[in-house]
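The structure appears right after this line, and notes come after that.
Each reported figure results from applying straightforward, stated rules to the coordinates on display, with no laboratory input. Every value quoted in this text rests on a predicted model; they were computed, and no experiment measured them. All Cβ positions, even for glycine, are placed from backbone atoms using ideal geometry, and neighbour counts span all protein chains on display.
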Amino acid sequence: MPLGRPISLTDNVASKIIRVLATNNQTVFTVTGGYRINQIGVFRNGVRLSNSSDFTATDGATVTLVNPAALNDEVLFEIQDDFRVSDAIVSAASNQVINGDVTVTGTFTGASIGIQSGGGVVGSAKTLNFVGSGNTFAVNGDTIDISIAGGGGGGLGTAIKYDDQTTSPFSYIDSHVRVTSDLNLDTTVAGASTSYIVSVVPNIEVNSGVAVTVGVGKTMIIDVLQIGDL
């Protein structure tokens, strides 16, 4: 057993021990993997050496003995390797498991979230953008409830909800709407081939100075349900 005061380590500090056999009159030893300056203990044939008085270790790679070692002297290096905190995130590790809750105060970036619909994988993304006036969001504690109109209510228009924000069997369709900005209904927004562009609203008014252009191969049908005749 080595003599002298051993290095005292807390539970959060890992250590490693390297043993080498000296050659005759050897003074300089290369420490495999290097070390942190002032974080190394040196023993010679079981006796701990004193830093500066018996050896120097100032470059993080080599240790120099003041008195040369004899042939086959055992030189032991005890290195305080790195700082480890239980369940901490290690930046260089590829896979990690953290047991317990993780709280992030700030922006979480770099990762994407898998998206599924009906149990099937849609893809992965960093941002979800819900398009359409019928989409509503309600914050309930740590949960955001997303409601998408069209699948509920009467199946057309905007779903009407109960007081608890669940969808009722009814929906509504505005009797009159306005087009407030230019709209080009071509293959970039209305299908790649021949298609019908429809609206269930009975009356659509285009503001003055606003143009609605129906592209080639497109047919526009207003009041497709003929609600205006009711």
Under a 5 Å amide H to amide H cut-off, with H placed in plane at 1.01 Å, what residues pair with residue 206 once short-range neighbours are removed?
179
Tell me the label-point distance for the pair residue 175, residue 56, using the 7 Å Cα-to-Cβ offset, in nm and rounded to one decimal.
9.7
Cut-off under 5 Å, modelled amide H: who pairs with residue 26 long-range:
69
Two-site label geometry, residue 37 and residue 124: point separation in nm, points 7 Å out along Cα→Cβ
4.2
Cα gyration tensor of the stretch 176-229 diagonalised, 5x eigenvalues square-rooted, in angstrom largest first, produces semi-axes 19, 16, 7
Spelling out what I want: for every residue of the stretch 27-34, take phi, set θ = phi - 60°, compute 6.51 cos²θ - 1.76 cosθ + 1.60 (Karplus), and round to whole Hz; glycine and proline get x.
10, 9, 10, 8, 8, 4, x, x
Given H placed 1.01 Å from N in the peptide plane, which residues other than close sequence neighbours of residue 160 have an amide H under 5 Å from its amide H?
154, 168, 170, 171, 172
